[in-house]
Structures are given as C-alpha cells and as structure tokens.
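Note sheet for the following structure.
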Amino acid sequence: MLDFSKAFDLINHHLLLDKLQSYGLPAHILRWMATFLLDRAQRVKIGNEYSHSGHPNGGVPQGTLSGPKCFLVYINDLRTTVPLYKYVDDSTLFEICDRNDVSVIQESVDIAARWTEQNDMKINSEKSKEIIISFAQDGNFRSTIPNIKIDGRDIAQVCHAKLLGVTISQDLTWNKHVDNIVKKAGKRLYMLYQLKRAGITQKDLVSVYVSVVRPVLEYACSVWHTNLPQYLSDNIEVIQKRALKCIFPGLGYEEILRRVNLDTLNVRRDSICQKYFDKIKVGTHRLKPTLYVQVE
C-alpha cells in the first residue's frame, strides 16, 4: 500500500497541463484549466488580520470538484508490472505468488518510485505498508519473503492495514476491523448522551443515532458482512442496543425496535448486501465478471 507524501500539494501544474493536452482536451478547456491552476493567491485570516498573500507553485485546490479529477489525470500514466489499484491518492499493488514463485513486486515498487521522481512527487516509505496474506501451514513462510524497499529503506510488514477505511488483516478475519468500528461508534455515543442531557427529543435522538453513529457500523459492510462470525456480529449490535436504551430507558431492545421501526444491524447488513449483489448481477457492472455463479 503506497502512500504519496502530500499528494494533492505536489502536483506540477505544467506537467498536469501537458498530460491533459496529451489526452486530447480542446484548447479552450486547456486554457480554462490553466486559469484554474496558475497564479492563485492564498492568505490566512485570524480575527480581522490577514497574512501576506502566498502564491503556490504546485498542487490543486482542495475542496473543489476539479481537484481530485486533476489528480486522477496526473497519476493515470503510472503503470506497473503487477496489478495496481488506484483510488484518488490511495494506490495499492498486489501480487499472487505460489511458494516457489519469484516475487516481482519490488520491480513494480521501483517503477512507481521512478515515476514519482519524474513527476515531482514522493512516496512516503514510513507510511507505506506491506501486508502478506498466507494460509501456509509453515509458520515461517512469511519470514522467507524479502522486505520491499523504497529508496533503500524497508517498508513495514504489518499484520493489519487500513484500505479505504476497511481494516484488512493478514489472516483475512474481521476481528480488527470490527474492533475499530465499534470503538469509533462507541465514542460517538458520548454525543448522544450529551444531547439527551440537553433535553433533545427522543425522535431527534434517534435521527442523530441513525445519521451519525449507525453509518460507522455499516460502512463497506458488503465487503465483510457475509463471512462475519456471530460473536463479531453481536459486538456490533451492542452499540445499537446501547444507543437505543439510552434514548428509551426501561424498554426491551425488541420493543424499542418496533416502536421506532428499525431493524437489527444484522438484518440491515443482509439487506444492504443483497441490494448490492442485485446491482452487480444485472447490466454491465464492473464487478459482474467476478461472480462465481453467473446469472443468466
């Protein structure tokens, strides 16, 4: 998992404009993009005081719709010998190896490092991570795999790594991910308790739970729900029980669910996954070829 240092701030404007031109953008769009990128001024306001204006000589304005798209164009020509998956500034290389295969992922990392040098960017070797997923019975198998290096430095081999907000573990279990989301959601329950003390109505408290706390527990659940053991599902459900019993003290969990017309989190995740599967299996969804059972 490669981490680009200050990815959005280091984009070379002239390189970006050259790349846009190479993709065939019309001249009037290129002029508009040049106006968007070049000769921008920025300053800091504290109270009624302003700093001197600065003129950044690189980067894209963050918080704009065009900023992420500019970054995608900028890194589009990054190619490697092993599969490379890019999502905005997150880039992940992966390789499938049998025990006797020779790994070529270092070659791809070297290609990526050279690309960053040629494009005025930098890979952060301290924040980049390597995770080895193996079910080999030989417990020493991971130790036989050489460390990946960036700029001569070994990048860390980790047991868990967060990818687009989902914690991946080297044994492909979801204990660490569930632990993380339960802790994060548990911290947000404190806000619910404070709002209750402030006299917020039960209806509004339920709305706060549904909009602020529950999404943490359901984020990307189509990735991890279907092979979640019962005890981890129960750990997640505890957060909803705590939230609803805070709002409706003295009532049983099932009674509260009926009163506010909510499902258990397990039922909701089943529904979310089913809807996503139905979306994949029809039409031309890019994940349709990955289904083991093709639906006619």
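The values are calculated or read from the model by the stated rules, or taken from the named source; none is laboratory data. No experiment lies behind these values; they were computed from the predicted model shown. Because the Cβ atoms are built from the backbone with ideal geometry, glycine has one as well, and the counts that use them run over all protein chains shown.
Across the stretch 188-228, what is the total count of residues that are without any contact (Cβ under 8 Å) to a residue 40 or more places away in the chain, hydroxyl-bearing (S, T, Y) and surrounded by 14 or more Cβ atoms within 10 Å (Cβ to Cβ)?
So the answer is 1.
Sort through V73, V109 and tell me the only one that's of a type in the set (A, V, I, L, M, F, W, C), in a helix (DSSP H, G or I) and more than 20 Å from L163 (Cβ to Cβ).
V73
Condition check: touching a residue at least 24 places away in the same chain (Cβ under 8 Å), in a loop (DSSP other than H, G, I, E, B) and either in the same structural domain as N76 (by TED's automatic domain parsing) or among the hydrophobic types (A, V, I, L, M, F, W, C) (or both). Does S125 satisfy that?
When the stated conditions are applied, S125 passes them.
When both residues are 6+ apart or on different chains and their Cβ atoms are under 7 Å apart, which pairs have a first residue that lies in the stretch 90-103 and is more than 17 Å from F4 (Cα to Cα), and a second that is charged (D, E, K, R) and surrounded by 13 or more Cβ atoms within 10 Å (Cβ to Cβ)?
Correct list of pairs: S103/E95.
So L2 ticks every box in (1) in contact with a Lys or Arg (Cβ under 8 Å, 6 or more places away or on another chain); (2) within 21 Å of V88 (Cβ to Cβ) but one. Which box is left unticked?
(1)
Every residue, every condition in (1) more than 23 Å from L172 (Cβ to Cβ); (2) at pLDDT 95 or above; (3) part of a helix (DSSP H, G or I), yes or no:
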| position | (1), (2), (3) |
| --- | --- |
| L232 | no, yes, yes |
| G250 | yes, no, no |
| L257 | yes, yes, yes |
| T284 | yes, no, no |
| V293 | no, no, no |
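Within the stretch 259-269, how many residues turn out to be assigned to a helix (DSSP H, G or I) and exposed (fewer than 10 other Cβ atoms within 10 Å of the Cβ)?
0
From the list I96, I29, I11, which one is exposed (fewer than 14 other Cβ atoms within 10 Å of the Cβ), in the same structural domain as Q118 (by TED's automatic domain parsing) and outside any helix (DSSP H, G or I)?
I96
Select from the stretch 34-56 the residues that are hydrophobic (A, V, I, L, M, F, W, C) and either loosely packed, with under 15 Cβ neighbours inside 10 Å or in contact (Cβ under 8 Å) with a residue 24 or more places away in the chain (or both) and list them in ascending order.
F36, L37, L38, A41, V44, I46
Being assigned to a loop (DSSP other than H, G, I, E, B) and among the hydrophobic types (A, V, I, L, M, F, W, C) is true for just one of I280, I200, I272. Which residue is that?
Matching residue, one of I280, I200, I272: I200.
Given the condition part of a loop (DSSP other than H, G, I, E, B), surrounded by 13 or more Cβ atoms within 10 Å (Cβ to Cβ), modelled with pLDDT of 90 or more and aromatic (F, W, Y), answer yes or no: does some residue in the stretch 170-181 qualify?
There is at least one residue in the stretch 170-181 that is part of a loop (DSSP other than H, G, I, E, B), surrounded by 13 or more Cβ atoms within 10 Å (Cβ to Cβ), modelled with pLDDT of 90 or more and aromatic (F, W, Y).
Step by step: first the residues of the stretch 69-81, then only those that are surrounded by fewer than 16 Cβ atoms within 10 Å (Cβ to Cβ) and either out of contact with any Phe, Trp or Tyr (no Cβ under 9 Å at 6 or more places or on another chain) or not acidic (D, E) (or both), then the one that is farthest from Y23 (Cα to Cα). Which residue is that?
Filtering first and then ranking leaves T81.
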